[in-house]
1. For segment 334-382, how many residues meet the condition of being among the charged types (D, E, K, R), part of a loop (DSSP other than H, G, I, E, B) and open to solvent by 20 Å² or more (accessible area, probe 1.4 Å)?
2. Given the structure, is Leu309 open to solvent by less than 10 Å² (accessible area, probe 1.4 Å), touching a residue at least 12 places away in the same chain (Cβ under 8 Å) and in a strand (DSSP E or B)?
3. Can you name every residue in segment 229-247 that is closer than 20 Å to Ala152 by Cβ and more than 30 Å from the chain's Cα centre (by Cα)?
4. Tally time: how many residues in segment 1-29 are crowded, with 21+ Cβ neighbours inside 10 Å, over 32 Å from the mean Cα position of the chain (by Cα) and either assigned to a helix (DSSP H, G or I) or free of Cβ contacts under 8 Å to residues at least 40 places away in the same chain (or both)?
5. So Ala137 fits all but one of (1) within 19 Å of Val455 (Cβ to Cβ); (2) without any contact (Cβ under 8 Å) to a residue 12 or more places away in the chain; (3) hydrophobic (A, V, I, L, M, F, W, C); what number is the exception?
6. Being in contact (Cβ under 8 Å) with a residue 12 or more places away in the chain, touching a helix residue (DSSP H, G or I) at 6+ places or on another chain (Cβ under 6 Å) and of a type in the set (A, V, I, L, M, F, W, C) narrows it down to one residue among Val231, Val296; which is it?
7. Condition first: among the charged types (D, E, K, R), at pLDDT 95 or above and open to solvent by 20 Å² or more (accessible area, probe 1.4 Å). Can you find one or more residues in segment 245-267 that meet it?
8. Give me the residue from segment 140-160 that is part of a strand (DSSP E or B) and open to solvent by less than 40 Å² (accessible area, probe 1.4 Å) and, out of that set, nearest to Arg37 (Cα to Cα).
Amino acid sequence: MNAPEQLLGTAEALLLTPNELHPPALGNVFGLLSAHRLDDADLYFQYSRSEAWSLEEGQVKSGSFNIDQGVGVRAVVGDKTAFAYSDDISLAAIRQAAGTVRSIAQAGQSAIVAQTRAVQSRSLYAQVDPLASLDEAAKVALLHRLEAYARALDPRVSQVMASLASEYEVIYIARLDGRVAADVRPLVRVSLQVIVEDQGRREQGSAGGGGRFDYGYFSDALLKDYAEKAVHQALTNLDARPAPAGTMTVVLGSGWPGILLHEAIGHGLEGDFNRKGSSAFSGRIGQRVAAPGVTVVDDGTLPDRRGSLNVDDEGNPTQCTTLIEDGILKGYMQDSMNARLMGMAPTGNGRRESFAHLPMPRMTNTYMLAGQGDQGRDPEEIIASVKNGLYAVNFGGGRVDLTSGKFVFSAAEAWMIEDGKLTYPVKGATLIGNGPDVLTRVSMIGNDMNLDPGVGTCGKDGQSVPVGVGQPTLKIDGLTVGGTQ
């Protein structure tokens, strides 16, 4: 049995068979919807189980478990969408939702494809249930070990907060054109926050990671690595001086700092903003939008990554989409509706938070490629080239205007660069700028592209989905830094 058939078998056994549903019955639902002309329609079935555990000061502070299932019914005419959903997966409930949805359709007829066709997908992650991979005692023990590793690193560690979360999600999608698709999506994450205290001063650090696998991924070696990173960040901030303010050269570290790229630039490359003309990148395909050497992709096909999907939430296979190549804008991330309206092909970026939400173009794993050939610089060489500036290693929170790209990001760990050397850590540094403008100010690109450890979550229009980010070390000239002195 190949990957699509195996996924379909799992999804049908969990979502259709127990509810006495079968493909011909779903075809009748599309017949009900197609009493009027439609450009698109789909049924999105979802089953999910999730849990979360948190530990604070050696005690389990919370534990939660949730089971959710339902179906969303969608019909699309032009740029208008009708949508209804139900947590009752029965033919009667689905037909009732379909009756509600078809009210927006215009007069006309649409052909029904009786023969179902499985979408040719891939198998990027194992069909495992992470919740069942450890018993409850072992999950709590994992958090206790993580806490112990952090406390053993330095006597100044005064508080430790650790959490563990996982989800097992199964989806089944039936489309108006006869295509069907399914996916089984595991997801796990560990998060750690530590607080250090010395002579009345308190600082914090954080670390963690995860992806599409089970709890077996979190080896003791990896937990120790999380502990070392969190404690190092906290102790670094303990010694930090107030950050200066002004316009200066900024070097961004590799990996998680790609969150700035995601927020300030990535959203502006999503199809809906460009179709509506509200993005700074609207109508600019083929034009230079970034410095030479800057190549940005969105890749939903990376094995086991948090932002990866075998198929998107419309049943389209994910892909690696080149958005910017050597500074030239090449394309946008598209769901089915925006792609159709823009005369483009879907890119496998139609995503939704759950069966109770509409799909929209969203990022998966969005990252900038390392510099190629002579353009790929060693990170130490990049830092050595800076006379006076800031090295931002990690980021905390931030705010972004999704249409203009204007952003304000706070650095969770940053250092001053003086005469090409890192001299002392600073706290309170914020980066202020405009995403499209920042792309043109990239003057050096590292050869060290890294992805984040698997902690990203993206919000858009009230929906949250897991994502990945990444980038090499970058030198950006003339960026505004807000400081505390």
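1. Number satisfying all stated conditions: 2.
2. No.
3. Answer for segment 229-247, where residues must be closer than 20 Å to Ala152 by Cβ and more than 30 Å from the chain's Cα centre (by Cα): just Leu238.
4. Counting residues in segment 1-29 that are crowded, with 21+ Cβ neighbours inside 10 Å, over 32 Å from the mean Cα position of the chain (by Cα) and either assigned to a helix (DSSP H, G or I) or free of Cβ contacts under 8 Å to residues at least 40 places away in the same chain (or both) gives 1.
5. (1)
6. Numbers: Val296 fails: touching a helix residue (DSSP H, G or I) at 6+ places or on another chain (Cβ under 6 Å).
Of Val231, Val296, the one residue that is in contact (Cβ under 8 Å) with a residue 12 or more places away in the chain, touching a helix residue (DSSP H, G or I) at 6+ places or on another chain (Cβ under 6 Å) and of a type in the set (A, V, I, L, M, F, W, C) is Val231.
7. no
8. Filtering segment 140-160 for residues that are part of a strand (DSSP E or B) and open to solvent by less than 40 Å² (accessible area, probe 1.4 Å), the one nearest to Arg37 (Cα to Cα) comes out as Val160.
The values are calculated or read from the model by the stated rules, or taken from the named source; none is laboratory data. Keep in mind that this is a model prediction, so the values were computed, not measured. We place every Cβ from the backbone using ideal geometry, glycine too, and count neighbours over all the protein chains shown. We work out accessible area using only protein heavy atoms, side chains counted, and drop any ligands, DNA or RNA first. Shrake-Rupley method; radii C 1.70, N 1.55, O 1.52, S 1.80 Å.
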